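What follows draws every value from the coordinates through simple rules; no lab data is involved. Computed from a prediction, not measured in an experiment: that's the story for all the values here. All Cβ positions, even for glycine, are placed from backbone atoms using ideal geometry, and neighbour counts span all protein chains on display.
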């Protein structure tokens with residue numbers, strides 16, 4: 001093997017490794033909660049792409065529930081709540097507050113859109 | 001009660017509407033434990049609500065009270081399955097709404113009235129104001145051989161019954177015989193009716209597991225502002241209409257937003273419940289203007 005070819009292969013391997021590493025890195029998605037909305041209330045992800053939902057609250061305890069992925073947690077003011085998720089199916093999936101927070105609680109929801 | 005007898009009973013009771021006969025209390029021996037009777041279920045009155053979903057909100061409850069007072073055959077008692085008042089962040093206004101609600105329903109000509117909270121009454125203060133006006137949020141009572149269990153799945157804002165209440169339920173059920181007739185009254189569905197609309201109780205499956213060994217159990221609830229009939233095994237669950245605005249059938253539209261107002265109020269009403277060897281439900285529309 002020529003020395004120049006070997007260097008190219010090594011470089012390619014290293015670059016490929018970096019690319020794969022990037023693909024495997026969870027994407028962080030920050031979602032803020034306050035009465036009676038999530039911001040953002042629409043999140044787009046790729047099927048199979050690991051995610052970390054970083055949830056915070058601006059006012060009081062809220063809930064975060066996404067039944068299609070069996071996710072539920074409290075969101076406590078002053079804390080970051082991190083939720084790991086690998087969406088394994090495409091489609092639109094509802095999330096919502098499940099800790100009653102007042103007149104408007106029923107409207108506090110959002111959508112995770114998972115692209116194929 | 002035979003079918004012909006039931007028709008006579010409904011006629012004598014002066015009840016309009018379509019009777020829904022639930023396949024409940026299947027153990028006929030249990031029917032011998034007590035005499036037949038009927039009661040009325042009110043649900044989701046949301047006193048204090050103001051908005052386009054019901055421009056008549058200030059009068060709907062009074063009309064329903066007049067309708068029930070006009071029944072030819074007075075019910076033995078009346079139950080309110082939660083959301084007596086519409087929620088407010090202001091504790092003073094919450095108490096004012098409860099006070100006014102209590103005044104309005106005091107016009108009922110049946111004085112045995114049983115209350116329980118909905119999340120609008122109790123979730124923001126863990127039931128503190130509710131208890132001041134209406135007492136305990138979970139309790140039992142017996143009527144003519146039927147055991148009633150009132151469960152609170154709303155004072156915890158995360159819609160849990162909680163371990164303490166589940167232990168209380170288990171202890172109560174231990175005193176029952178397998179064929180006793182049991183009616184559970186609660187606000188939210190105990191089963192997963194529509195999880196992505198939050199039409200569930202977080203630990204409701206534990207309550208259903210506790211009830212499952214008993215042969216004659218029916219659950220009456222509210223919360224979803226419409227009739228709904230569902231079986232978990234041999235246990236039937238019946239949701240009642242509200243007296244403020246109807247909500248869409250589970251999954252029938254993208255969001256659980258109220259249905260448009262209809263001045264004829266076809267989606268609102270109370271319900272007469274006849275308890276015999278079967279449970280018969282008759283929907284009572286809001287008719288008294």
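Neighbour counts of other C-beta atoms within 10 Å: give me B:168, B:199, B:47 arranged from fewest to most. Let's see the in-between values first.
Values: B:168 17, B:199 20, B:47 25.
Neighbour counts put them in this order, fewest first: B:168, B:199, B:47.
What FRET efficiency, computed as 1/(1 + (r/R0)^6) with R0 = 60 Å and r the Cβ-Cβ distance, is obtained for residue B:73 and residue A:60, rounded to the nearest 0.05?
Values: r = 48 Å, r/R0 = 0.80.
E(calc), rounded to 0.05, equals 0.80.
What's the FRET efficiency of residue B:110 with residue A:25 using the Cβ-Cβ distance as r and R₀ = 56 Å, to the nearest 0.05?
In this case the efficiency is close to 0.30.
Three principal axis extents, largest first, for the C-alpha atoms of the protein assembly as shown, in Å?
Principal axes ranked by extent give 102, 46, 37 Å for the Cα atoms.
What order do you get for B:198, B:125 when you list them from fewest to most C-beta neighbours inside 10 Å? The partial results should precede the final answer.
Numbers: B:198 24, B:125 14.
In order of increasing Cβ crowding within 10 Å: B:125, B:198.
Treat the count of other C-beta atoms within 10 Å as a stand-in for reagent exposure and order B:39, A:36 from fewest to most. Write out the running numbers ahead of the final one.
Details: B:39 22, A:36 16.
Placing the least packed residue first, the sequence is A:36, B:39.
Rounded to whole Å, give me the distance from the Cα center of segment A:22-63 to that of segment A:68-116.
Distance between centres, Cα-based: 8 Å.
Find the centroid of the Cα atoms in segment B:150-189 and in segment B:203-223, then give the distance between the two in whole Å.
Segment B:150-189 and segment B:203-223 have Cα centres separated by 8 Å.
Applying a 10 Å radius around every beta-carbon, put A:61-67, B:150-156, B:227-233 in order of their mean neighbour count, most first.
On the way: A:61-67: 22.4, B:150-156: 25.3, B:227-233: 14.7.
Per-residue Cβ counts within 10 Å, averaged per peptide and sorted highest first, yield B:150-156, A:61-67, B:227-233.
For every helix of n ≥ 4 consecutive DSSP H residues, a contribution of -39,500 (n - 2.57) applies; sum these over chain B, divide by its total residues, and give [θ] at 222 nm rounded to the nearest 500 deg cm²/dmol. Mind showing how you got there, number by number?
Working: 8 runs with 74 residues, N = 289.
Only helices count here, giving -7500 deg cm²/dmol.
Taking only the Cα atoms of segment B:3-285, how large is their convex hull per residue, in Å³?
Working: hull volume 34.1 nm³, N = 283.
Per residue, the Cα convex hull of segment B:3-285 comes to 121 Å³.
Between residue A:79 and residue B:136, what FRET efficiency comes out of the Förster formula 1/(1 + (r/R0)^6) with R0 = 41 Å and r the beta carbon distance, rounded to 0.05? All intermediate terms of the calculation are to be shown ahead of the outcome.
Values: r = 34 Å, r/R0 = 0.83.
Efficiency, rounded to the nearest 0.05: 0.75.
Give, in nm to one decimal, the length gained when the segment between residue B:174 and residue B:287 is fully stretched (0.36 nm per residue of separation minus the Cα-Cα distance). Don't jump to the answer; show the numbers that get you there.
On the way: separation 113, 0.36 × 113 = 40.68 nm, distance 4.29 nm.
Answer, rounded to one decimal: 36.4 nm.
If a/c stays under 1.5 just call it rounded; otherwise compare a/b with b/c (prolate if a/b is bigger, oblate if not). Do that for segment B:53-201, with a ≥ b ≥ c from the square roots of the Cα gyration tensor eigenvalues.
Values: a/c = 1.75, a/b = 1.15, b/c = 1.52.
Oblate, because a/c is 1.5 or more while a/b does not exceed b/c.
Counting only other chains, and only Cβ atoms inside 10 Å, what mean value do you get across the residues of B:120-127? Could you put the intermediate results ahead of the total?
Details: counts 4, 0, 1, 5, 6, 0, 0, 0.
Mean shielding count: 2.
Based on DSSP, what percent of beta bridges with both residues in segment A:26-115 are antiparallel, to the nearest 5? Show your work: numbers first, answer last.
On the way: 20 of 32 bridges.
So the antiparallel bridges amount to about 60 percent of the total.
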